[in-house]
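A.B. asks: Below is a structure I'd like to ask you about.
The values are calculated or read from the model by the stated rules, or taken from the named source; none is laboratory data. Predicted model, so just to flag it, every value in this text is computed and none were measured. Neighbour counts run over all protein chains shown; Cβ positions are idealised from the backbone, glycine included. Areas reflect the complete protein model, heavy atoms only, side chains present, ligands, DNA and RNA absent. Shrake-Rupley method; radii C 1.70, N 1.55, O 1.52, S 1.80 Å.
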Amino acid sequence: MAQIAKRDFDVFDVTGQRYPQWKDDIIAHLGAMGLEHTIEEGSWATHQEKQKTHIFIRHHMNESLKNEYIRVRDPYDLLNHLEARFGHHHDVLVPRLRGDWKNLRFQDFTSVNEYNSALFRISSQLEYCGDEVTDFAKLEKTFSTMGAPNLQYARQLRRDKFTKFTDLIAVLLLFEQHDKILLKNDNMRPSGSTAIPEANAIAKFSHGRWNNRCGRGRGRGHERVSKPKGACLKCGLIGHWARACRTPKHFVDLYEASIKQANKGPEAHFISDAIPLTSCMPTSNTLDIADYLIDDIVGTSNL
């Protein structure tokens, strides 16, 4: 499929709302191509040049308009037909443009560039329709619509007595940039607040002296401390060294007492194979005094 030629600007539709801009684009591009003489009355242009201009104009027209003017071959006649049909369109645009100019306010825009663009768009269209917009009208429109937050700016700018609207826009852009910087600084540090200390100035007090190497995070040169694998020698718990033990003293005393008792070992009890005392005892329940003093009696008889 053949490649479709790229259009240099938007096509002109049957509504005719963009006829002034479209006509200016046609004349400007034909001048850049060296074909502006082909749309003049009594042109001395060759047939080939006229055909190039005719193709260029139709390429930037809506399909409906192309069909309506399909029998018009001369570019000069084609533009005359379009002028007769849509040339009065500026009379229709004037009421709408005047309403837009009346409702235009500086305080309705968030930036100076947006306001400047809207003002120039309306003023240029009014000038095309025959209503000239002077610099004084533009300055007065800006001063009178700045709104309550910018009253001080409006008074100051009026005292400066600007004569060119472009000079006023340059000053407004400068004020806007200064306001952005002030708001940014205020948001970073509100009024009355203290400055945030620098992260690199944080020091840690350890073991009675300042240790500037101890900061946040694990920086370069940080020494990893390994956890103990065995039990604490002080309290017997796992997970810390004895020098860092924080177990209460009464628990530590109980642990040490249990260790000492374990180190003594079990007590040795005397075990004998002799006949129990109960087997030597008489079977009667009554005992005689001789049962207890037999050794004494024998001892005395020997004497």
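A.B. asks: Looking only at residues that are closer than 14 Å to R105 by Cα and polar (S, T, N, Q) in the range 142-159, which one is least open to solvent (accessible area, probe 1.4 Å)?
C.D. replies: That would be T142.
A.B. asks: Let me ask you something else. Among the residues of the range 95-105, which ones are at pLDDT below 90 and surrounded by 15 or more Cβ atoms within 10 Å (Cβ to Cβ)?
C.D. replies: L97
A.B. asks: When you scan the range 115-167, how many residues do you find that are over 27 Å from D91 (Cβ atoms) and either in contact (Cβ under 8 Å) with a residue 60 or more places away in the chain or not in a helix (DSSP H, G or I) (or both)?
C.D. replies: Total meeting the criteria: 7.
A.B. asks: Scan the range 60-87 residue by residue and report those that are in a loop (DSSP other than H, G, I, E, B) and open to solvent by 60 Å² or more (accessible area, probe 1.4 Å). Can you show your working first?
C.D. replies: First, the residues of the range 60-87 that are in a loop (DSSP other than H, G, I, E, B): 60, 62, 69-74, 87.
Answer for the range 60-87, where residues must be in a loop (DSSP other than H, G, I, E, B) and open to solvent by 60 Å² or more (accessible area, probe 1.4 Å): I70, R71, R73.
A.B. asks: Which count do you get for residues in the range 1-56 that are in contact (Cβ under 8 Å) with a residue 40 or more places away in the chain and of a type in the set (A, V, I, L, M, F, W, C)?
C.D. replies: Total meeting the criteria: 7.
A.B. asks: How many residues are open to solvent by 100 Å² or more (accessible area, probe 1.4 Å), among the polar types (S, T, N, Q) and not in a helix (DSSP H, G or I) if we restrict to the range 1-59?
C.D. replies: Of the residues in that region, 2 qualify.
A.B. asks: Same structure again: Checking L119 against (1) open to solvent by 30 Å² or more (accessible area, probe 1.4 Å); (2) under 30 Å from K180 (Cβ atoms); (3) at pLDDT 90 or above, which single condition isn't satisfied?
C.D. replies: (1)
A.B. asks: Turning to a different aspect of this structure: Considering only residues of the range 142-167 that are aromatic (F, W, Y) and out of contact with any Ser or Thr (no Cβ under 8 Å at 6 or more places or on another chain), which is farthest from Q21 (Cα to Cα)?
C.D. replies: Y153
A.B. asks: Which of the residues that make up the range 126-141 are closer than 24 Å to Q21 by Cα and open to solvent by 40 Å² or more (accessible area, probe 1.4 Å)?
C.D. replies: E127, Y128, G130, D131, E132, T134, D135
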